[in-house]
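In what follows, a structure is listed as structure tokens, so that the remarks can point back to it.
Just so it is clear, none of the values below were taken in a lab; they were calculated from the coordinates. Everything numeric here is computed off the predicted structure, so don't read it as measured data. Cβ: placed from backbone, ideal geometry, glycine included. Neighbour counts: every protein chain shown.
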Amino acid sequence: MTEMTKACQDVFAERQRQISVEGWTPEHDDAHSDGALTSAAICYAAAAFTPTAEKRSPWKTLFYRGEEFIANSFLADNWPWDQKWWNPKSRRRDLVKAAALIIAEIDRLDRATCANSTP
């Protein structure tokens, strides 16, 4: 594979946006050794399969049936940061955000491993 797909381009562009626009630099990410980046990625991936109305405000007290309630409850219980940072858009965009957050976590793990192995 010599060319990046649109999906890969979008994920890398999102990661760059997180750094340049939001200010989530590698140094900032390194402070999240508590699994927050992974948890946020999981929430965005789960949001991609959650009905739109339920994923927008999972912190509201709402009554659902079956899987809709479980998904809503999962997002509210596992989102690691303040609610103002929860910003789902669409299935594809949420998956792009999830993938970019996973890359951020992998990079963080790689830096931590490198730092721990330096004499």
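Here the extension length gained between GLN16 and ASP110 equals 32.1 nm, from 0.36 nm per residue of separation less the Cα-Cα distance. Among 34-40, 100-106, 6-12, 80-86, sorting by the average number of other beta carbon atoms lying within 10 angstrom of each residue, highest first, gives 100-106, 34-40, 6-12, 80-86.
Can you work out the FRET efficiency for the pair SER117 and THR25, with r the C-beta to C-beta distance and R0 = 22 Å, to the nearest 0.05? With R0 = 22 Å, the Cβ-Cβ based efficiency is 0.50.
The local environment of THR38, defined by Cβ-Cβ distances under 11 Å, has a net charge of -1 under the rule Lys, Arg +1 and Asp, Glu -1. Per-residue 3J(HN,Hα) values for the range 89-103, derived from phi via the Karplus relation 6.51 cos²θ - 1.76 cosθ + 1.60 with θ = phi - 60°, read 10, 8, 3, 5, 5, 5, 5, 4, 4, 4, 5, 5, 5, 5, 4 Hz in sequence order (x marks Gly and Pro).
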